[in-house]
């Protein structure tokens, strides 16, 4: 009997409270006409996955698609129609996303959270990423979605019973820290290494082609005619191999220089790791984009 009572008490403790508020959020398809279809799906799925928690319920995508089919695809971007959309899907919050790619591998992201119950924009987040891969775009959307999730959770917090507006607690100032060593830049330059290797190979190939051009038409000897006649003069015929070698070397050299330029840009954003110590202990401070 005692064991059963303890088990029931433990299960009751693990169950969430019934009066805990649950935010119902509808995620609209991202407005990203410049992205490929798979990239738009990547942005959409990342937002849905990162928003879903025990306190936030994400409306199924099929319900959102049906509502947009009835009200129009542009309803989510219309303030007057957005309220009807929220009623149709049964959500209080609506998340809209706009992603643009002004240049290749350069992205701008805007993510907004709309509270349809209070008819206001709870939060709006903007971010940019230059020379980014698809993984960088996913990480960028993931970071802004986590910010949006915190904004939704703050909006769901109950107001104070005194009638006064809720005031967020002032941030606590961090303890002063004293650096104990110089900043160390993490080795993260694969493009530079590949670029310099291709540059060296391109220079070698170009020089080899120039040498073959120089040999073209030169005498290669005059072996004796076995039938007793005059010797047979031989010349180097290296024009075609010289052209192929020179063209290949120049192409490899150009690719190497391009990788070096891109690698230097990425190296400028390399991660910095700084050992620091305070009265509470020691640790490492990592700065950079992850």
Q: With a Förster radius of 51 Å, plug the Cβ-Cβ distance of residue 248 and residue 110 into 1/(1 + (r/R0)^6) and report the FRET value to the nearest 0.05.
A: 0.65
Q. Can you give the relative contact order of the stretch 203-263 as a percent, counting alpha carbon pairs under 8 Å and 6+ residues apart?
A. 42
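Where a number appears in this text, it was derived from the coordinates with a stated rule and is not lab data. Here the structure is a predicted model, which means the values were calculated and not measured. Note: ideal-geometry Cβ built from the backbone for every residue, glycine included; neighbour counts use all protein chains shown.
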